[in-house]
1. Provide a single number: the residues in the stretch B:194-211 that are of a type in the set (A, V, I, L, M, F, W, C), away from chain A (no Cβ under 14 Å) and buried (at least 18 other Cβ atoms within 10 Å of the Cβ).
2. Going residue by residue through the stretch B:115-122, is there one that turns out to be surrounded by 18 or more Cβ atoms within 10 Å (Cβ to Cβ), in contact (Cβ under 8 Å) with a residue 40 or more places away in the chain and closer than 23 Å to B:A319 by Cβ?
3. Restricting attention to the stretch B:224-238, which residues are in contact with a Gly (Cβ under 6 Å, 6 or more places away or on another chain) and in contact (Cβ under 8 Å) with a residue 12 or more places away in the chain?
4. May I ask you to verify whether A:A175 is at the interface with chain B (Cβ under 9 Å from one of its Cβ atoms), buried (at least 21 other Cβ atoms within 10 Å of the Cβ) and in contact (Cβ under 8 Å) with a residue 12 or more places away in the chain?
5. With respect to B:S125, is the statement that it is within 16 Å of DNA strand C (Cβ to nearest atom), open to solvent by 40 Å² or more (accessible area, probe 1.4 Å) and out of contact with any Leu (no Cβ under 9 Å at 6 or more places or on another chain) true?
6. Restricting the search to the stretch A:50-90, which residues are in a helix (DSSP H, G or I), more than 7 Å from chain B (Cβ to nearest Cβ) and open to solvent by 40 Å² or more (accessible area, probe 1.4 Å)?
7. Would you be able to tell me the number of residues in the stretch A:14-44 that are closer than 22 Å to A:K61 by Cβ, open to solvent by 50 Å² or more (accessible area, probe 1.4 Å) and in a helix (DSSP H, G or I)?
8. Considering only the stretch A:28-63, state which residues are more than 9 Å from DNA strand C (Cβ to nearest atom) and hydrophobic (A, V, I, L, M, F, W, C).
2 protein chains.
Amino acid sequence: MSQGSGKTPSKRPLTLRDVSEASGVSEMTVSRVLRNRGDVSEATRSKVLEAARALGYVPNKIAGALASSRVNLVAVIIPSMSNMVFPEVMTGISQILDDTELQPVVGVTNYKPEREETVLYQMLSWRPSGVIIAGLEHTEAAKAMMGAAGIPIVEIMDTDGEPIDSAVGISHRRAGRKMAQAIIDAGYKRIGFLGTKMPLDHRARKRFEGFTEILAKAGLEIADSEFYSGGSALAKGREMTEAMLQRNQEEPLDFLYYSNDMIGAGGLLYCLDNGIDVPGEIGLAGFNGIEFLDGLPRKLATMDACRVEVGRAAAEIIAKRVENPDAPGGEIITLEPSLEFGDTLKRKKKPL
Amino acid sequence: MSQGSGKTPSKRPLTLRDVSEASGVSEMTVSRVLRNRGDVSEATRSKVLEAARALGYVPNKIAGALASSRVNLVAVIIPSMSNMVFPEVMTGISQILDDTELQPVVGVTNYKPEREETVLYQMLSWRPSGVIIAGLEHTEAAKAMMGAAGIPIVEIMDTDGEPIDSAVGISHRRAGRKMAQAIIDAGYKRIGFLGTKMPLDHRARKRFEGFTEILAKAGLEIADSEFYSGGSALAKGREMTEAMLQRNQEEPLDFLYYSNDMIGAGGLLYCLDNGIDVPGEIGLAGFNGIEFLDGLPRKLATMDACRVEVGRAAAEIIAKRVENPDAPGGEIITLEPSLEFGDTLKRKKKPL
DNA sequence: CATGTATATGTTAACGCTAACAGATTTGCC
DNA sequence: GGCAAATCTGTTAGCGTTAACATATACATG
């Protein structure tokens, strides 16, 4: 047995015409039945559905989209799929879009602006109903394309800047400030920073900027910093932490701020393995609030970037604008990241 | 400033005709230039490209696909995005497709067969050039659709069964057997199993079957088992491990086999936290070979499911068949998962 | 210079579907 | 019974692009 369940294993793909002939009504009526649009008598409806099922007909959305100039796709353009943050955003987006006719299509840029431009071009060439794209920083060409596309654009994850149209996210600068303030308030003074070597991760950069800004106001500065790229983040967190603690033995650090929870977790495990008192001797904090932290021996301090919520809000904006095309647009939603102190960011015991 | 860089912020979307008029050649020639197809003089080529850029024209793939009946999309249908295994498969797929005209489109089923059927129907209605779908188990309707689609279908992750067309993956039954054998060879006897409560995760089921089969041959059986659903896998791994060890104190277990590395890691952390000697007092093993295991205090024994490689091989099959449509098909590639003993599956010291 | 070959451009007719409108049939109601 | 309204079905003409073929121009070659 090679293929098909029908009688003729025909090479020619099925069209509305086939269903129309099989059920004895016009193509238009078949189209109406298959889309639940307009009035069709119950008799013909079931006749048509029966014929369609029997033939194994699957409508051709390409043709449908062209004819109706409605393409129910939402382009979602994100830098990466592998760090757990964007899958969660996707979850939020799906939660909303699953209740609509809209379907997300994902493109990944690997944090490369020129790749983002290409992906965007590819996506727009499908004439989607909307675009959800990570970040506010894009090439001029990309911005121009989005501006001219005539569809709702939602830039997500970040609100520190000028969006093209709408934006949903948190202020990373503010997140950095908030964390710095909490660390200072807890009495830590010699602070190390560990992050990714990514000049193009603008959000990490903004957090860093906000962070140092507040330190500066308190007369402090980053005592040491270290950056990595590639490899297992957990293992890198370990290595970097070890290296940093080693080289600061004379004047030891009392806090380590990690640019993401994964390396933070690595650092935490390193400290515990080596009998370092956390948070007494040294405090730790990451960023993101990824769920797996719950299973760690001690809960890492972190800041939740509201990822699911960002996805939901972005999708909602698109859905609303698709339903009501002449709504205003330009909506900006700034979510407030919550700081979770966990077990690793606690006021040091005052000397008695 | 509201939108667009062009002169007329026209409402009507741009078409080939606009570029054609702007550059003074026929639509056909514009089409040829934009697709690099056929001979076009250097003069007109640049004239057209110039006009297209100036207008900000983006080709309409919907119309192009309909006219050429070539849709360069590959439908990728997977159960989940959130467990790190499918993102890696996606990486493999992208590695190959990035060198072709093909573009992946992802659909997520959440392990629900009826959802898989819907997603498949949606995908097929875009008339993709091929389908990559996880698993060999599908509803009858889904199988029929794929059989009748007339495009290459690659079922991935599993080769224990009858594929519709091609298949790439590992034998999970064999993986389970292999792990069981290694555990037995190492001298462990009282074995507990910890997994997900998912009757629809056929691959986990097959591993379990293979596992118990070999135990049976050695006159052993699973001493205890526990299943979870939802929540942070790492935390669940801890909890389940604790529960299981607690209730088997009289006749203690000496090995725990986890259905995935995440809960395995949780179990490992639990054991280490509680001063349990791993692998002397108790051995541990997971499944998958996820990269982050590298950062754990001790390396968990696991079995690599060759995820990137599976993605690459599947994409290659599709790419080959798209290039050469009358190639045979029906290819089946069984990869051999490698068993990594790590630090948690070691022959117990023989009593002196 | 006629003729063939390569190069460059244009013309026509789909691709499979749906919007918009036009008929046809039934129903309600005075 | 007659006429409007409601219900159902069909016809026509694209949607924006490309395949296939037709035409035009340049460039050799004997």
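The values are calculated or read from the model by the stated rules, or taken from the named source; none is laboratory data. Because the structure is predicted, anything quoted here is derived from the model rather than measured. A quick note on method: Cβ atoms are made from the backbone with ideal geometry, for glycine too, and the neighbour counts reach across all protein chains shown. Keep in mind that these areas ignore ligands, DNA and RNA; they rest on the heavy atoms of the full protein, side chains included. Shrake-Rupley method; radii C 1.70, N 1.55, O 1.52, S 1.80 Å.
1. The qualifying residues number 3.
2. Yes, there is a match, as at least one residue in the stretch B:115-122 is surrounded by 18 or more Cβ atoms within 10 Å (Cβ to Cβ), in contact (Cβ under 8 Å) with a residue 40 or more places away in the chain and closer than 23 Å to B:A319 by Cβ.
3. B:D224, B:F227, B:L234, B:A235, B:G237, B:R238, listed by residue number.
4. Judged against the criteria, A:A175 is not a match.
5. Judged against the criteria, B:S125 is not a match.
6. Hits for the stretch A:50-90 are A:E50, A:R53, A:A54, A:L55, A:A67, A:S68, A:E88.
7. 8
8. A:V33, A:V40, A:A43, A:V48, A:L49, A:A51, A:A52, A:A54, A:L55
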